[in-house]
Amino acid sequence: GENVEQHPSTLSVQEGDSAVIKCTYSDSASNYFPWYKQELGKRPQLIIDIRSNVGEKKDQRIAVTLNKTAKHFSLHITETQPEDSAVYFCAAGDYTGFQKLVFGTGTRLLVSP
Amino acid sequence: GAVVSQHPSRVICKSGTSVKIECRSLDFQATTMFWYRQFPKKSLMLMATSNEGSKATYEQGVEKDKFLINHASLTLSTLTVTSAHPEDSSFYICSARDPLRANTEAFFGQGTRLTVV
């Protein structure tokens, strides 16, 4: 089955700096890679996702890159703000709605003013 | 947008009792829903895949007799924690994806914090 590893487990940055979180996956059949942000005690919220037919996707300060050959994908947050502080999870799975998503172990991001 | 609603958000129960958690898709039909368990400061661990009209598919190590899943309609899946013990205390969260939409985002319920005393 799919196995997703995520690094680092914690990341502290100063406001305005960039933050990068990396994930690797094991199942070459996975073709959908979302990133979720979870604030304490709340449900995960999708912030960006990428399908395997593209190598990069950007949405304002957030970007995701995918290297299918190496089976890794990364989340990039630029110009970080204190409100970006949260736990971020990557996931891997199938594009259709019927297959499960396997989540990474999470990264606790702390952005200091 | 698509919304998944979970109830209750918090529940405290005594050891040995059973607790039922509901997960509803509010504006789409979810033939498949997913149940996760999340320990404090940990990741979401998939427990089982709930399939409408058929048996759930459990992940390795998850006791199907302990965690009963019923998906009797296209908009409702339930997770029943049977004979609950303190070690079952956790955050349980469901998710569903609308396979008919181009965006296959997995929407999460608000989660249920279970405390077994």
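Quick notes on this structure:
- The distance from the alpha carbon centre of region B:65-102 to that of region A:4-35 is 27 Å, rounded to a whole number.
- If you take all other residues with their beta carbon under 10 Å from the beta carbon of A:Ile62, and give Lys and Arg +1 and Asp and Glu -1, the sum is +2.
- Here chain A is treated with +1 on each Lys and Arg Cβ and -1 on each Asp and Glu Cβ, and its dipole about the Cα centre works out to around 240 debye.
- Residue ranges B:28-38, A:54-64 sort as B:28-38, A:54-64 when ordered by packing (mean number of other C-beta atoms within 10 Å per residue, highest first).
- Chain B, accessible surface, carbon-and-sulfur percent (1.4 angstrom probe): 53 percent
- Surrounding net charge for B:His71, when Lys and Arg each add one and Asp and Glu each subtract one, Cβ distance under 15 Å: +4
- Buried accessible surface for the A/B pair, both sides summed and rounded to the nearest 100, is 1900 Å² with a 1.4 Å probe.
- Dipole magnitude (debye, nearest 20) for the protein assembly as shown, charges at Cβ of Lys, Arg, Asp, Glu: 360 debye
- Summing charges over neighbours of A:His72, with a neighbour being any other residue whose Cβ is under 14 Å away from its Cβ, gives -1 when K and R count +1 and D and E count -1.
- Neighbouring partner chain Cβ atoms per residue of B:93-99, average, 10 Å criterion: 4
- Given A:Lys22/A:Lys68; A:Lys37/A:Lys58; A:Lys37/A:Lys68; A:Lys42/B:Lys66; B:Lys42/B:Lys66; A:Lys42/B:Lys42, the pairs whose alpha carbons are separated by over 18 Å: A:Lys37/A:Lys68; A:Lys42/B:Lys66; B:Lys42/B:Lys66
- Contact residues in region B:46-64 (at least 20 Å² less accessible area with all protein chains than alone, 1.4 Å probe): B:Leu46, B:Glu59.
- Within the accessible area of chain A (1.4 Å probe), percent carbon and sulfur: 48 percent
- A 1.4 Å probe run over the protein chains yields, for the protein assembly as shown, 49 Å² of accessible area per residue, whole-number rounding.
- Look at the stretch A:63-73: the mean tally of other chain Cβ atoms within 10 Å of its residues' Cβ atoms is 0.
- With a 10 Å cut-off around each Cβ of A:86-93, the average count of Cβ atoms from other chains is 2.
The values are calculated or read from the model by the stated rules, or taken from the named source; none is laboratory data. Source: prediction; values computed, not measured. Cβ atoms come from the backbone with ideal geometry, glycine included; neighbour counts cover every protein chain shown. Heads up: the accessible areas ignore ligands, DNA and RNA and are worked out on the full protein's heavy atoms, side chains in. Shrake-Rupley method; radii C 1.70, N 1.55, O 1.52, S 1.80 Å.
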